[in-house]
Amino acid sequence: MKSQEVRSKFLNFFKDKKHSIVPSAPMVLKDDPTLMFVNSGMAPFKEYFLGNAEPKSNRIADTQKCLRVSGKHNDLEEVGYDTYHHTLFEMLGNWSFGDYFKKEAIAWAWELLTEVYGIDKDILYVTVFEGDAKDGTDMDTEAYDFWKAHIAEDRILKGDKKDNFWEMGDQGPCGPCSEIHVDIRSAEEKSKIDGKNLVNMDHPQVVEIWNLVFMQYNRKANGALEVLPNKHIDTGMGFERLCMVLQGVQSNYDTDVFTPIIREIETITNKKYGKEEKTDIAIRVISDHVRAVAFSIADGQLPSNTGAGYVIRRILRRAVRYGFTFLDKKEPFIYRLVDVLSKQMGKAFPELKAQKQLIENVIKEEEQSFLRTLDQGLVLLNGIVEETKGDMVSGEKAFELYDTYGFPIDLTALILSEKGLKLDEKGFEKELQKQKDRSRAASEMSTDDWTILVDDAEEEFVGYDTLEANVKLTRYRKV
Ligand code: ATP
Ligand code: MG
Ligand code: MG
Ligand code: MG
């Protein structure tokens, strides 16, 4: 089943169940300052769950572009190394706002997977919440009983709060969830395993595909849970993972979501995918990252030096360096993948087609500008590595790479980790702060009748993914 069909079958299925089908929201939500990028299907609907806005329909389904590269969900380190975490991915979802609840959500998920998509029941597992003494919540026996009608009880597994209880934040709507996992191990492989050990959710080839969240509580400011008068359903299914299952392959990168891009990378770089691990990782990373960058630009988020723009720049520079080091591409080429991508995805996401020219230009320019200093930066970095005694590289050196050669700090850390070295993050943070102080002093001198009054938010290095992302609010007072 082609990916186009996988997507449309999902949407049509829920349309038949009286859902309104809506387009994906942009990945950057202009009116939600708490979230840099949409990282789940529910994010655009947050206000409905909080009761601050009314949905047009109390049943909605869609496919949402998600980016998991910052904050609570940061999968960047996994991308390319495993075969099912992406930076950008589509999350298929169906929602009930105070309408249907567990029974229908479970029955429809089951019907869609096993009847519409025809997935063999014997490769599915589901999980239910086991309860939590501290919260005074019991096991989700309702969900358990609904699942029991569909699937053998030894395939219903209990999970703890970490995996099977979803919360929006410290406060607000929350509730237990059930996740559906698919065992994609081959029949041959499974025949070698003792029956008792067959159920194994920790196996890398037992992959989570769908999360059904049952919002039935509200977490109050004092931490207590109260039962919601109107209960909601929020589900999210990884589209690329679903395609992997339905296309009978072992990796998301072997589905037709990725293969056209991978073939194009092979053609451009004269390398073959599937021959050597390092090359393969580079090809997977680039085919993933080009999607994240292209979709962001299509949504109006261009690479830049601050905030969300810097996240996009970091992703692109990371891809450039993988191409440079592992695929021997010393000139821009990632922009050339946009054509294939827009042919592949342009129907479902017309913004890609509409903005194609802009996306290509922006990526090409970014590639050119980084390639200008990448070579020298890598030479410097190699020198640093040679000089380093012990396993820790100083923050000052990393800062020089950042400041002079445009190496995002996570890229430096990544390259060092490939060489078995660590980076002194604190030292880097110090250097960055010094630079900020210097430029602040300079700007204070140059502003004649305006001077800085207070800094509302202190900038702080709290990890790679939030670096530069903390927006600094500086108020000025006329003197
Ligand atoms: P995982 O445990 O695999 O990291 P998750 O529990 O973080 O997934 P959810 O937040 O439950 O994921 O999101 C719903 C679904 O979205 C998942 O079941 C999965 O199919 C898909 N998904 C989550 N993260 C990614 C990702 N980085 N790339 C592709 N699909 C993803
Ligand atoms: Mg995750
Ligand atoms: Mg999970
Ligand atoms: Mg999950």
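The values are calculated or read from the model by the stated rules, or taken from the named source; none is laboratory data. Just so it is clear, the structure is predicted and the values come from calculations on it, not from any experiment. Here Cβ is always computed from backbone atoms with ideal geometry, including for glycine, and neighbour counts include all displayed protein chains.
Here are some notes:
- Residues in the range 60-69 include none that are more than 16 Å from ligand 3 (Cβ to nearest atom) and assigned to a loop (DSSP other than H, G, I, E, B).
- The listed residue being away from ligand 2 (no atom under 16 Å from the Cβ), among the polar types (S, T, N, Q) and buried (at least 20 other Cβ atoms within 10 Å of the Cβ), out of Gln216, Gln247: Gln216
- Scanning the range 143-196 for residues that are out of contact with any strand residue (DSSP E or B) (no Cβ under 7 Å at 6 or more places or on another chain), among the polar types (S, T, N, Q) and within 24 Å of Lys102 (Cα to Cα) returns no hits.
- In summary, Asp280 fulfils each of the numbered conditions (1) free of Cβ contacts under 8 Å to residues at least 24 places away in the same chain; (2) surrounded by fewer than 19 Cβ atoms within 10 Å (Cβ to Cβ); (3) of a type outside the set (Val, Ile, Thr) with the single exception of condition (2).
- Unmet requirement for Ile233, which otherwise passes all of (1) of a type in the set (Val, Ile, Thr); (2) under 28 Å from Asp138 (Cα atoms); (3) within 13 Å of ligand 1 (Cβ to nearest atom): (3)
- Qualifying residue in the range 184-199 (condition: under 20 Å from the mean Cα position of the chain (by Cα) and within 16 Å of ligand 1 (Cβ to nearest atom)): no
- Here Ser57 clears all of (1) of a type in the set (S, T, N, Q); (2) closer than 20 Å to Cys177 by Cα; (3) in a loop (DSSP other than H, G, I, E, B) except the condition numbered (2).
- Hey, Glu47 part of a loop (DSSP other than H, G, I, E, B) and not hydroxyl-bearing (Ser, Thr, Tyr) or not: no
- Hey, Asn74 over 20 Å from Trp210 (Cβ atoms) and out of contact with any strand residue (DSSP E or B) (no Cβ under 9 Å at 6 or more places or on another chain) or not: yes
- Enumeration of residues in the range 334-390 that are among the basic types (Lys, Arg) and under 23 Å from the mean Cα position of the chain (by Cα): Lys343, Lys347, Lys353, Lys356
- Residue within the range 67-76 that is closer than 12 Å to Met91 by Cα and free of Cβ contacts under 8 Å to residues at least 24 places away in the same chain present: no
- Which numbered condition Ala43 fails, given (1) over 14 Å from the mean Cα position of the chain (by Cα); (2) crowded, with 19+ Cβ neighbours inside 10 Å: (1)
- The range 96-120, residues that are small (Gly, Ala, Ser) and either buried (at least 17 other Cβ atoms within 10 Å of the Cβ) or not assigned by TED's automatic domain parsing to the domain that holds Glu47 (or both): Ser96, Gly98, Ala105, Ala109
- With respect to the stated conditions, Asp163 fails to be within 22 Å of the chain's Cα centre (by Cα), within 16 Å of ligand 2 (Cβ to nearest atom) and exposed (fewer than 15 other Cβ atoms within 10 Å of the Cβ).
- The residues of the range 243-255 that are within 11 Å of Val6 (Cα to Cα) and not aliphatic (A, V, I, L, M), listed by number, are Cys243, Gln247.
- With respect to being of a type in the set (Lys, Arg) and within 7 Å of ligand 1 (Cβ to nearest atom), Arg59 falls outside the description.
Here's the yes/no breakdown for (1) away from ligand 4 (no atom under 16 Å from the Cβ); (2) of a type in the set (D, E, K, R); (3) closer than 19 Å to His73 by Cα; (4) in contact (Cβ under 8 Å) with a residue 60 or more places away in the chain:
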{"residue": "Gly136", "(1), (2), (3), (4)": "yes, no, no, yes"}
{"residue": "Asp145", "(1), (2), (3), (4)": "yes, yes, no, no"}
{"residue": "Ile151", "(1), (2), (3), (4)": "yes, no, no, no"}
{"residue": "Ile156", "(1), (2), (3), (4)": "yes, no, no, no"}
{"residue": "Trp166", "(1), (2), (3), (4)": "no, no, yes, yes"}
{"residue": "Gln171", "(1), (2), (3), (4)": "yes, no, yes, no"}
{"residue": "Cys177", "(1), (2), (3), (4)": "no, no, yes, no"}
{"residue": "Asp183", "(1), (2), (3), (4)": "yes, yes, no, yes"}
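- In the range 41-88, residue modelled with the highest pLDDT [restricted to those that are among the polar types (S, T, N, Q) and under 26 Å from Gly323 (Cα atoms)]: Thr87
- Qualifying position, being buried (at least 16 other Cβ atoms within 10 Å of the Cβ) and closer than 21 Å to Ile265 by Cβ, among Glu400, Glu367, Glu351: Glu367
- Qualifying residue in the range 76-95 (condition: assigned to a loop (DSSP other than H, G, I, E, B), over 20 Å from the mean Cα position of the chain (by Cα) and buried (at least 18 other Cβ atoms within 10 Å of the Cβ)): no
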